[in-house]
Amino acid sequence: MDGDTLYTIGALARRTGLTVKAIRFYSDTGIVPSTDRSPAGYRLYDLDALARLDLVRTLRDLGLDLAVIRQVLDREISVPEVAAAHADALDAQIRTLRLRRAVLRAVAKRGSSRRKLVRCGLPTFGDLRRGTGQPCRPSHWDGRAAQCATASRDGTGRDTLPE
């Protein structure tokens with residue numbers, strides 16, 4: 001395959017696994033512009049467009065939005081910068097999910113009421129659902145959540161959230 005090869009949108013869809021509709025959308029929004037048009041007016045794409053589409057698909061699969069992907073393609077930010085920021089955001093989400101899991105397990109095990117949850121300092125289900133209050137700051141809640149959420153303490157006075 002040489003560098004002069006041009007692909008129709010259908011051929012590009014088969015090679016990338018994306019739908020024709022998705023490629024057309026990316027083309028219309030300027031994320032992956034077509035290289036040329038056929039005499040019949042069909043969009044044609046070169047190997048650079050194929051590489052851009054592969055990168056777009058990978059970044060979308062990793063959960064990045066189109067605004068960030070456009071910044072990467074425009075070289076306003078680098079892939080390592082985006083990856084690091086996205087990994088940090090995922091770490092925060094994982095901490096929040098662990099806290100939620102600990103609360104849910106404690107409630108399921110003990111049949112805790114709302115009053116008991118509030119009394120021991122844990123966020124209520126409403127707090128968790130709305131994403132408000134202290135659950136957003138796991139470093140503040142980990143100790144109290146573990147104290148209420150773990151079935152037994154290890155005798156050392158240290159509390160940890162279960163994995």
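We did not get these values from a lab; they are worked out from the coordinates using the rules stated. Nothing here was measured: the structure is a model prediction, and the numbers come from that model. Ideal geometry is used to build each Cβ from the backbone, glycine not excepted, and the neighbour counts take in all protein chains shown.
Residue-wise test of (1) of a type in the set (D, E, K, R); (2) surrounded by 15 or more Cβ atoms within 10 Å (Cβ to Cβ); (3) outside any helix (DSSP H, G or I).
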position	(1), (2), (3)
ARG15	yes, no, no
THR58	no, no, no
GLU76	yes, no, yes
PRO80	no, no, no
ALA85	no, no, no
GLN93	no, no, no
LEU99	no, yes, no
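Applying a threshold of 7 Å to beta carbon distances and a minimum spacing of six or more residues, or different chains, the list of pairs starting in region 32-60 at a residue that is more than 30 Å from GLU81 (Cα to Cα) and ending at one that is surrounded by fewer than 16 Cβ atoms within 10 Å (Cβ to Cβ) and not hydroxyl-bearing (Ser, Thr, Tyr) reads ARG43/ARG37; LEU44/ASP36; LEU44/ARG37.
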